[in-house]
Amino acid sequence: MSQKPHSSASPPGSPALPGSSRLPSLTGMRFVAAILVFVTHAAVAKLFADDSLNDVVVQYTSRAGYLGVGFFFVLSGFVLTWSAKAGDGPRRFYRRRLAKIYPNHFVTWLAGMLLMIWAGTAVTAGNTVPSLFLVQSWVPQLDVLAGTNGPSWSLSCELLFYLSFPLLHGLIRRIRPERLWMWVGIVIAAFVAVPLVAQLLPGSPDSPWQPVSWWRYWFVYFLPATRVLDFALGILMARVVMTGRWIGMKQLPALALLAAGYALMVFLPDAWGLVAPTALPIALLIAAAAVADTKGERSPFAARPMIWLGEVSFAFYIVHFLVFQYGPMGLAATDSSAGKTWDTPGALGIMALTFALALFFGWLLYVLVERPAMRRFGRPRRRPEPAAGPGGSAGPAGPAAPASREPVGADQR
């Protein structure tokens, strides 16, 4: 069912016209999600001299990054739906999406390969070629999936999201508004079914990071075909908001639900706690923040520093693990494997230095690669402007906004 534009006679408090409304809170939240991924990688490094402290940190924070990645995936579906334009054909859509992710990916892929050579790590077709073409997450082998830069596995999922968006978006737009929440429930049931199906996979060997078999871990967390559920949930939630079916939940209750979902992530056994517990709370939080932004409500995530950090969040995310591996924390992890650890201030200092370096290199990547690539390839080609109508209007709808303009938050990372 196609959506009718909101008119000036919309009830007070109704969402602004999707596609023209800016969503600064979602931009700020992106950096929080990237920090959660950083926290997980820092936790599993086990740098503290106190083993009991390492155990506590791993138990309670090692799945924070799973929440962060889930946020990115749901956000992708939400903002791509929110910013979709009627005249935006597949070719233009794919060009803009690839311009957003691939230049950063290629630079970090190349840097990772050069650093592997420098460190004396074997460089093979298996650990380089699949990640270059963003198909590594389809292969259940750790060396292939990690590639030259581990976090790029999520871009393998994003690539499937982009390829499937025209189809998924078209199908979901046909759902009658009063049935959208029913379909949200169906997708959440599918989230629960995924780890259930995963029980049919081998129970060994164990994953190197979580008490889950590698096969179940890969199927539930890494496989693009299962993570498309996150993306579809984001599309559905955007349609809920855009069709006026939002339940009115505020950000604070949504955050409380997200905290409860994370607690389930921590304590549920096997593959049950990897993705499903936080899927719906993430979607509710994203929708609540978007609705708040359309109403002009104040939000700490929409502060100017948070927006700047959100804009560099994708670059920070894609570069931070290289800093982990080959920067100060990488050296610390090597020493730790030989038995050397640090007292609490020293370990925290190494983490802080690694964070600062990752943010610096992320900013450089954003300024030197991501932003120029988006300016060069992400904008549609200019077309002749239509002749002005009576009164100087550019046609019946009045002056058009620049076609390249997307709402803040429209870039999924």
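Numbers below:
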read-out	value
Calculated on alpha-carbon atoms, Rg and Dmax of the stretch 172-265 in Å	16.1, 48
Solvent exposure of the stretch 236-378 as accessible area per residue, Å², 1.4 Å probe	44 Å²
Protein accessible area in the stretch 201-355, 1.4 Å probe - carbon and sulfur %	67 percent
Residue-normalised accessible area of the stretch 149-204, expressed per residue, 1.4 Å probe, Å²	46 Å²
Distance between modelled label sites at residue 92 and residue 179, nm, 7 Å Cα→Cβ extension	3.1 nm
Surface share of carbon and sulfur [accessible, 1.4 angstrom probe, percent] for the stretch 52-115	72 percent
Integer Hz, Karplus 6.51/-1.76/1.60 couplings in order for the stretch 224-239, x for Gly and Pro	x, 5, 8, 6, 5, 4, 4, 5, 5, 4, x, 4, 4, 5, 5, 5
Distant-in-sequence amide H partners of residue 213 (H built 1.01 Å from N, under 5 Å)	207
Whole-Å semi-axes of the stretch 103-153's equivalent ellipsoid (Cα gyration tensor)	16, 13, 8
Length released on extending from residue 164 to residue 356, taking residue separation times 0.36 nm less the Cα-Cα span	65.5 nm
Length-normalised contact order for the stretch 133-187 - Cα pairs under 8 Å, 6+ apart - percent	26 percent
For the stretch 90-179, the spread of Cα positions along each principal axis, largest first, Å	58, 27, 18
Separation of the residue 53 and residue 199 label points, Cα + 7 Å toward Cβ, nm	4.0 nm
Length gained when the stretch residue 122-residue 60 is fully extended (0.36 nm per residue, less Cα-Cα span)	18.9 nm
Distance between modelled label sites at residue 186 and residue 308, nm, 7 Å Cα→Cβ extension	4.6 nm
Potential lengthening between residue 142 and residue 206 on full extension [0.36 nm per residue; Cα-Cα distance subtracted]	21.9 nm
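The values are calculated or read from the model by the stated rules, or taken from the named source; none is laboratory data. Everything quoted here is computed from the prediction, not taken from an experiment. Cβ coordinates were reconstructed from backbone atoms using ideal geometry, including for glycine residues, and neighbour counts include every protein chain displayed. With ligands, DNA and RNA removed, areas are computed over all heavy atoms of the protein, side chains included. Shrake-Rupley method; radii C 1.70, N 1.55, O 1.52, S 1.80 Å.
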